[in-house]
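The values are calculated or read from the model by the stated rules, or taken from the named source; none is laboratory data. Since the structure is predicted, the reported quantities are computational estimates derived from the model, not experimental observations. Cβ coordinates were reconstructed from backbone atoms using ideal geometry, including for glycine residues, and neighbour counts include every protein chain displayed. Areas reflect the complete protein model, heavy atoms only, side chains present, ligands, DNA and RNA absent. Shrake-Rupley method; radii C 1.70, N 1.55, O 1.52, S 1.80 Å.
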Amino acid sequence: MKKVKKAVIPAAGFGTRFLPATKAMAKEMLPIVDKPTIQFIVEEAIESGIEDILIVTGKSKRPIEDHFDSNIELETNLRDKGKDDLLKLVQETTGIRIHFVRQSYPLGLGHAVLQAKAFVGDEPFVVMLGDDLMKDEVPLTRQLIEGYERTYASTIAVMEVPHEETSKYGIIDPDNQLEEGLLNVRRFVEKPKPEDAPSNYAIIGRYLLTPEIFEILENQEAGAGGEIQLTDAIDTLNKTQRVFAKNFKGQRFDVGDKFGFLATSITYGLQHPEMKDKLKDYIIALGESLEQTEK
Ligand code: G1P
């Protein structure tokens, strides 16, 4: 059995939900407190045992490449000023085996993943979407890899969402359980309207896939929103080999949405060693003043 050592992070999207902030800046570089969202994803990959990461980029994404490179001028400056803690932070993001490929045309998530074909070769791999940050005792990507080591099958992370929100997600039609939390799937559908959705189990941005997905993606026609959808290719894969859904029990933070981004910033801020006390006091005071104005 081949080990799962490679991750693909699609990061070519325009980030239209965050305009004008993302007009000239990669949305993946928007920080949660002081760390770019994409760094959380890279850290999850490394903590899960991934050795090589491919980031699929597009226009305005150079800052991502620079972030994971050394910055000699900055490092020298911090060293000279004795700012060793900051120097350590800056150096944490270098030396990781990160590779880049550009998606020349924004034809959809399936098309972005197809750009990873040569990088992945004939190995199982993971796809990690930057809009979803996950928290659990064992990183979700690690959970998917551990599952693969038992089943040798593609496995897609899912979570229940409010039924009225199904049109924002890929949704599964769940079948019986293989084991606790691991479901067989009848069908994968991209962004169904609530009245057409086969369940409220949504795909949440972590996928473990076998390399046979590439052959399917090469012939995949455009689906929902006129885009080449990864969900549609997974549905086809499920017809020739088993694809499981893993019901994630940890916490998911949607940083691809403005409200989700703010909520995540507050939650992470309340856990940040430098921020937490000040932020807590601020929130309590804010709550009190809101109560006053409502009276
Ligand atoms: C993508 C996928 C969708 C999935 C979602 C999770 O959609 O196409 O199946 O449920 O990510 O965040 P997007 O949010 O890019 O429109």
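Contact order, relative form, for the chain: 21 percent (alpha carbon pairs under 8 Å, 6 or more residues apart, mean separation divided by residue count). Classification of segment 100-157 by its C-alpha gyration tensor yields an oblate form. The axis ratio a/c (a ≥ b ≥ c) is 1.5 or more, and b/c is at least a/b.
Entry for the chain at q = 0.12 Å⁻¹: log10 I(q)/I(0) = -0.82, Debye formula applied to identical alpha-carbon scatterers, no solvent contribution.
Solvent-accessible area of Met29, all protein chains in place: 40 Å² (probe radius 1.4 Å, heavy atoms, ligands and nucleic acids excluded).
Between the listed residues Val42, Leu133, Tyr148, the Cα displaced farthest toward the positive end of the dipole of the chain, a dipole computed from Cβ unit charges relative to the Cα centre, is found at Val42. On the principal axes of its alpha-carbon atoms, segment 145-290 has extents of 58, 35, 28 Å, going from largest to smallest. Among 141-148, 90-97, 107-114, 182-189, the peptide with the highest mean count of other Cβ atoms within 10 Å heads the list, and the full ranking is 107-114, 141-148, 182-189, 90-97.
For the pair Phe259 and Glu137 in one chain, pulling the backbone fully straight at 0.36 nm per residue adds 41.4 nm over the alpha carbon distance. Kirkwood hydrodynamic radius of segment 56-128, from the reciprocal of the average inverse Cα-Cα distance over all distinct pairs: 14.7 Å. Simple spin-label estimate for Asp281 and Glu218 gives 6.2 nm between the two label positions (7 Å along the Cα-to-Cβ direction from each Cα). Taking every protein chain into account, the accessible area of segment 1-136 amounts to 52 square angstrom per residue (probe 1.4 Å).
Dividing the helix sum by the residues of the chain, where each DSSP H run of 4 or more adds -39500 (n - 2.57), gives a mean residue ellipticity at 222 nm of -10000 deg cm²/dmol. The Rg/Rh ratio for segment 213-263 is 1.12, where Rg is the radius of gyration of the alpha carbons and Rh is the Kirkwood radius. Could you tell me how far the Cα centroid of segment 225-295 sits from the Cα centroid of segment 41-91, in Å? Comparing the Cα centres of segment 41-91 and segment 225-295, I get a distance of 24 Å.
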